[in-house]
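S.K.: Mind looking over this structure? Questions follow.
Every number here is computed from the coordinates shown, using simple stated rules; none is lab data. Just so we're clear, the structure is a prediction, and the values are computed from it rather than from any experiment. Backbone-built Cβ (ideal geometry, glycine too); neighbour counts: all protein chains shown.
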Amino acid sequence: MSVDERRTPDAEPRSNPSATVMRHAPFAPGSVSVRLYPHNELAADAIVSELCAQAGLALCGGFDGVMTSEHHGGFAGYMAQPLQMASFVLAEHEKGWAAAAPLLLPLRATALVAEEVAWLEARHPGRVGLGVAAGALPLDFAVTGVNQADTVDRFKSELPRLVAMLRGEDLGQLEGDPALLACRRNPVPVLSAAVSVAAAVRAARCGAGILMEGMSPPSRLARVTQAFGGAEGKGAKVLIRRVWLGRLQRDLIAGQRTVYESYATQARSFGEDQTIAADEPEELVARLVTTMREVGADALNLRVHLPGMSPAQVREQIARIGSSVVKPLKAALPLLWSAERDVTT
């Protein structure tokens with residue numbers, strides 16, 4: 001049974017430990033997750049509490065899982081320790097999955113990342129995923145003492161090793177670790193950030209899925225998914241998209257774009273804004289399905305947070321999208337794949 005096919009029992013509240021429900025594994029086809037960002041205007045303890053509250057709102061409102069991503073020094077509301085944040089969410093909520101995605105792999109020893117993820121999986125079986133990226137922000141490498149010039153080569157060499165370890169393979173001197181050995185029975189799914197054909201092929205060859213960022217147009221990402229399939233990739237193809245239900249606040253969108261462009265390379269052009277906004281839930285569902293079809297994605301990670309939004313505004317969007325968009329979106333995806341199979345047969 002593949003990781004994407006795995007559906008595991010999830011415990012109900014601890015007062016009723018014998019009750020179970022069935023749910024999607026992390027990143028499984030058809031899953032819809034939400035990306036959470038800290039509100040850095042709050043105190044540290046309040047940031048953690050607010051993110052856990054937003055996670056609970058999402059997981060109880062229809063989303064399958066939550067992701068947090070990494071930058072350091074309080075940069076643009078990202079998490080310094082996204083895996084730790086995932087552990088907070090999993091400990092506080094009995095429903096759904098959580099993933100650090102992406103975690104910046106070159107900043108850490110690969111074996112230690114694998115150990116931490118495997119032991120988190122041991123505590124919360126079937127509820128843990130991991131996404132990784134090479135990183136691009138100079139601050140992240142400066143504060144960790146890692147030479148940024150070595151980043152890409154290190155990522156290329158360590159990605160296959162990480163994926164193998166989280167399948168319980170090629171453990172070397174960690175062969176005696178019980179949590180890593182347990183991954184032979186229940187591998188932890190891994191996504192690799194991919195915005196190029198080369199990155200997609202690399203992920204496919206080592207057994208990782210792909211995580212496609214939210215600033216690229218569908219035509220560009222379609223080439224990524226085609227390359228992934230051409231390399232016999234079997235993992236998830238997760239598309240990130242920023243969404244908005246209601247009147248779009250374009251000043252906040254512009255502010256977020258400025259943040260991204262502040263650390264993009266000169267060769268990287270974001271092009272037109274890819275935010276998907278609609279006044280009505282039905283329109284938002286239709287536009288998301290169309291975008292997934294154009295890209296060739298099989299799972300979605302949605303973002304609603306923008307710099308300058310209050311916690312109340314973020315909660316409102318999570319609640320509205322969870323209650324009116326996620327369920328019909330999930331219902332539409334099997335029909336999309338069925339239509340695609342009919343076209344190809």
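S.K.: Using the Karplus curve 6.51 cos²θ - 1.76 cosθ + 1.60 with θ = phi - 60°, work out ³J(HN,Hα) for each residue of segment 32-45 in order, rounded to whole Hz, and write x for Gly and Pro.
M.R.: 10, 10, 10, 8, 10, 10, x, 8, 6, 6, 8, 5, 4, 5
S.K.: Sticking with this one: In debye, nearest 20, what is the charge dipole magnitude of segment 30-120 about its Cα centre with +1 on Lys and Arg Cβ and -1 on Asp and Glu Cβ, if you could check?
M.R.: I would put it at about 200 debye.
S.K.: Which whole-number percent is the relative contact order of segment 23-344 (Cα, under 8 Å, 6+ apart)?
M.R.: In percent, rounded to a whole number, it is 19.
S.K.: If the only charges are +1 at each Lys and Arg Cβ and -1 at each Asp and Glu Cβ, what is the size of the charge dipole of segment 23-344 around the Cα centre, to the nearest 20 debye?
M.R.: Taking the Cα centre of segment 23-344 as origin, the dipole is about 600 debye.
S.K.: Which distance in Å, rounded to a whole number, links the C-alpha centroids of segment 196-240 and segment 149-182?
M.R.: If you average the Cα positions of each part, the centres end up 21 Å apart.
S.K.: A further question on this structure: Select from segment 126-175 those GluC sites (Glu not before Pro) which occupy a DSSP coil region and have at most 15 other Cβ atoms within 10 Å, ordered by residue number.
M.R.: Details: sites: Glu158, Glu169, Glu175; in loops: Glu169, Glu175.
Qualifying residues, ordered by number: Glu169, Glu175.
S.K.: Rank-order 297-304, 37-44 by packing density, defined as the average count of other C-beta atoms within 10 Å over each peptide's residues, highest first.
M.R.: Descending packing order for the listed peptides: 297-304, 37-44.
S.K.: While we're looking at this one, here's another question. Calculate I(q)/I(0) for segment 102-207 by the Debye formula, one identical point scatterer on each C-alpha and no solvent, and give its log10 at q = 0.13, 0.20 Å⁻¹ to two decimals.
M.R.: The Debye formula, applied to the Cα set alone, gives -0.47, -1.02.
S.K.: Also, I was wondering about something else. Which listed residue (Gln54, Val285, Gln81) has the Cα farthest towards the positive end of the charge dipole for segment 23-344, taking +1 on Lys and Arg C-beta and -1 on Asp and Glu C-beta about the Cα centre?
M.R.: Most positive-ward Cα: Val285.
S.K.: How much length, in nm to one decimal, is gained on full extension between Leu248 and Ala43, taken as 0.36 nm per residue of separation minus their Cα-Cα distance?
M.R.: The Leu248-Ala43 span can extend by a further 71.0 nm.
S.K.: May I ask which of Lys95/Lys156; Lys234/Lys327; Lys156/Lys330 have a Cα-Cα span longer than 31 Å here?
M.R.: Check vs 31 Å cut-off fails for Lys95/Lys156; Lys156/Lys330.
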